[in-house]
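*Asks:* So that we are looking at the same thing, I have put the structure below in structure tokens.
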Amino acid sequence: MSTSRPMSGLRPTRSAVSRGFVTLLAALVLLVGLSFLVAPSSLAPGAVSGMLPFASVLAIIGLGQMLVVQQTGIDLSVPGSVSITVVIVTHVPYGSNDRLGVALLLVLAVAIATGLLNAAMIGLLNLSPIIATLGSNALLFGAILGISGGVPRSTTPALAQAMGGSLVGVPNSVMIAIGALLLVVVVLKTTVPGRRFEAVGATVRMTRALGVATRAYRGGAYVGSQLLYAIAGVVLAGVVAQPTAYLGNNYLLPSVAVVVLAGTSLLGGRGFPVATAIAALFLTQLDQFTLALGVPYAAQTLVQALAFAVGVAIYTIDWAAVRRRFMKAGGVPPSVPATH
């Protein structure tokens, strides 16, 4: 009997709590405890209510980036994708609620077109994901400049009310993030296409040899990610009264950091949506904590970079080998089996 499992990603597996989930949950609890002791202002009701919408935005963007990372790519079009959404929903309506629906349809069309463009450049022209998404990001910023001229415009009252409201005490922005999370979890973890998607990311050559349309799944990651970026951009435009035309610039490094912290490998394969959402909450609260301590805002990028480096170290370094080497350097002899 063959012991190979080439398509294990297609079969249902036992649900297990990922290491990233446990690690991040423990880190979040420690961060909240430290915030309570050292910077209690970061946990004040006003601070928390102001933080949650931005954590929700980062969680949605992180889910989109996760889809791309699962297919061994990194999406550098995040800033342009989020920013063009903000620009469209603020400039096209020009303060009129009646034109908000048209703006949202235009956002949807741009997201799908951008996703298909990225998919075509990577799947058909065989460009590197970094080069392809960097190019599409440049095109998006050209469109942003053409539409807005770099001038911010106020959010329409209807969008501000929708995104700034709450349901049974939970902000609508958080509800939208939970909805996006549930959708991604259901599709990836409970459907055959979702399991094939993860299998393609893990073993693209093997799945292609078995007749799976790998190009369609990899291209679908870029379309799906753009749709999630569009949702995040709409939420962001609603919670910020007068968003700038380049608001998406703040989310490129954090979007990759939350995916890595959640345990999704940069080499592709299995993704961890719930852990990604927790990582977004952790990283946003970490920003709140550092600001409450008086750390300059510019230093937040360094904090995010450090979080990214820690995530890479946790999940990619063979710590058992490091420990063995350290013990050997310290003169501790390795265990040798007895011989007769």
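The values are calculated or read from the model by the stated rules, or taken from the named source; none is laboratory data. Because the structure is predicted, anything quoted here is derived from the model rather than measured. Counting neighbours? That spans all protein chains shown, and the Cβs are built from the backbone with ideal geometry, glycine included. Ligands, DNA and RNA are stripped out before the accessible areas are found, and what is left, the full protein with its side chains, is counted by its heavy atoms. Shrake-Rupley method; radii C 1.70, N 1.55, O 1.52, S 1.80 Å.
*Asks:* Can you tell me which of L30, L63, L58, L106 is modelled with pLDDT of 95 or more, part of a helix (DSSP H, G or I) and either acidic (D, E) or more than 21 Å from the chain's Cα centre (by Cα) (or both)? Spell out the reasoning first.
*Replies:* Details: L30 fails: modelled with pLDDT of 95 or more; L63 fails: either acidic (D, E) or more than 21 Å from the chain's Cα centre (by Cα) (or both); L58 fails: either acidic (D, E) or more than 21 Å from the chain's Cα centre (by Cα) (or both).
Result: L106 is the single residue among L30, L63, L58, L106 that is modelled with pLDDT of 95 or more, part of a helix (DSSP H, G or I) and either acidic (D, E) or more than 21 Å from the chain's Cα centre (by Cα) (or both).
*Asks:* What residue, of S96, S49, is among the small types (G, A, S), at negative phi and either open to solvent by less than 60 Å² (accessible area, probe 1.4 Å) or in contact with an Asp or Glu (Cβ under 7 Å, 6 or more places away or on another chain) (or both)? Talk me through it step by step, then tell me what you get.
*Replies:* Details: S49 fails: either open to solvent by less than 60 Å² (accessible area, probe 1.4 Å) or in contact with an Asp or Glu (Cβ under 7 Å, 6 or more places away or on another chain) (or both).
It is S96.
Let's see how each residue does on (1) open to solvent by 40 Å² or more (accessible area, probe 1.4 Å); (2) without any contact (Cβ under 8 Å) to a residue 40 or more places away in the chain; (3) in contact with a Leu (Cβ under 7 Å, 6 or more places away or on another chain):
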{"residue": "P129", "(1), (2), (3)": "no, no, no"}
{"residue": "P152", "(1), (2), (3)": "yes, no, no"}
{"residue": "T156", "(1), (2), (3)": "no, no, yes"}
{"residue": "A162", "(1), (2), (3)": "yes, no, no"}
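*Asks:* Next question. Check L247, L261, L267, L210 and return the single one that is surrounded by fewer than 24 Cβ atoms within 10 Å (Cβ to Cβ), aliphatic (A, V, I, L, M) and under 30 Å from S49 (Cβ atoms). Talk me through it step by step, then tell me what you get.
*Replies:* Working: L261 fails: surrounded by fewer than 24 Cβ atoms within 10 Å (Cβ to Cβ); L267 fails: under 30 Å from S49 (Cβ atoms); L210 fails: under 30 Å from S49 (Cβ atoms).
Going through L247, L261, L267, L210 in turn, the sole match is L247.
*Asks:* Within the stretch 189-229, which residues are within 27 Å of L106 (Cα to Cα) and of a type in the set (A, V, I, L, M)? Write out each step before concluding.
*Replies:* Keep residues of the stretch 189-229 that are within 27 Å of L106 (Cα to Cα), which gives 215-229.
Answer for the stretch 189-229, where residues must be within 27 Å of L106 (Cα to Cα) and of a type in the set (A, V, I, L, M): A216, A221, V223, L227, L228.
*Asks:* Can you pull out every residue in the stretch 164-201 that is under 21 Å from G46 (Cβ atoms), open to solvent by less than 50 Å² (accessible area, probe 1.4 Å) and of a type in the set (S, T, Y)? Step through it out loud before you land on a result.
*Replies:* Step one: filter the stretch 164-201 for residues under 21 Å from G46 (Cβ atoms), giving 164-175, 177.
Filter once more, so that each one left must be open to solvent by less than 50 Å² (accessible area, probe 1.4 Å): 165, 170-174, 177.
S173, the sole residue that qualifies.
*Asks:* Checking the structure you have, find out if any residue of the stretch 218-233 is on the phi < 0 side of the Ramachandran plot, crowded, with 22+ Cβ neighbours inside 10 Å and at pLDDT below 95.
*Replies:* Among the residues of the stretch 218-233, at least one is on the phi < 0 side of the Ramachandran plot, crowded, with 22+ Cβ neighbours inside 10 Å and at pLDDT below 95, which makes the answer yes.
*Asks:* To continue, here is another question. Among the residues of the stretch 164-194, write down those that are more than 20 Å from A275 (Cα to Cα), assigned to a helix (DSSP H, G or I) and touching a residue at least 40 places away in the same chain (Cβ under 8 Å). Explain how you work it out, then say what you get.
*Replies:* If we filter the stretch 164-194 for residues that are more than 20 Å from A275 (Cα to Cα), which is where we start, we get 164-172, 192-193.
From the residues that got through so far, the ones that are assigned to a helix (DSSP H, G or I) too are 164, 172, 192-193.
Listed by number, the residues that qualify are G164, V192.
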